[in-house]
Amino acid sequence: MAFSYHCPACLKRGTLIHYSSMQEKCAVCGYTPLLRIEGPQSTVPSAQEILSDPACSHWLRNALATALKRDPVDAANDADVLANVLDANCRQVVSRS
């Protein structure tokens, strides 16, 4: 089973936002704590769904398309490191504000 994290307040309003396990509060409404939901991996959008979403950023589209051509274990490990580095950077920038 995989876990996904969501904002209960946004879910009540019909908005489904997937958060990282490292996210502490909702980026939309600030609700904390996020709700941890256990379920099948299908609760996370597939790579094809993300790539075909017109709202997907060019950066994410390029990163995902490139990662899918790599060894999946290496790509997942690198993505985990990148997420941790970006999260730390974000926290540092926000704390200075």
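All of the numbers you see were taken from the coordinates with simple rules; none came from a lab. None of the values given here were measured: they were computed from a predicted structure. Please note: Cβ atoms are built from the backbone with ideal geometry, for glycine as well, and neighbour counts cover all protein chains shown.
Just a few scattered comments:
- Under 5 Å, built H, 5+ apart or other chain: amide partners of residue 35: 6, 7
- Loop-resident sites, the chain, for trypsin sites (Lys or Arg not before Pro), counting at most 16 other Cβ within 10 Å (DSSP): 13, 25, 69, 70
- Taking a ≥ b ≥ c as the square roots of the eigenvalues of the Cα gyration tensor, the chain is oblate, since a/c reaches 1.5 or more and a/b is not larger than b/c.
- Residue exposure sequence - 6, 58, 18 - by fewest surrounding Cβ within 10 Å: 58, 18, 6
- Over the residues of the chain, the helix contribution to mean residue ellipticity at 222 nm works out to -14500 deg cm²/dmol, using -39500 (n - 2.57) for each DSSP H run of at least 4.
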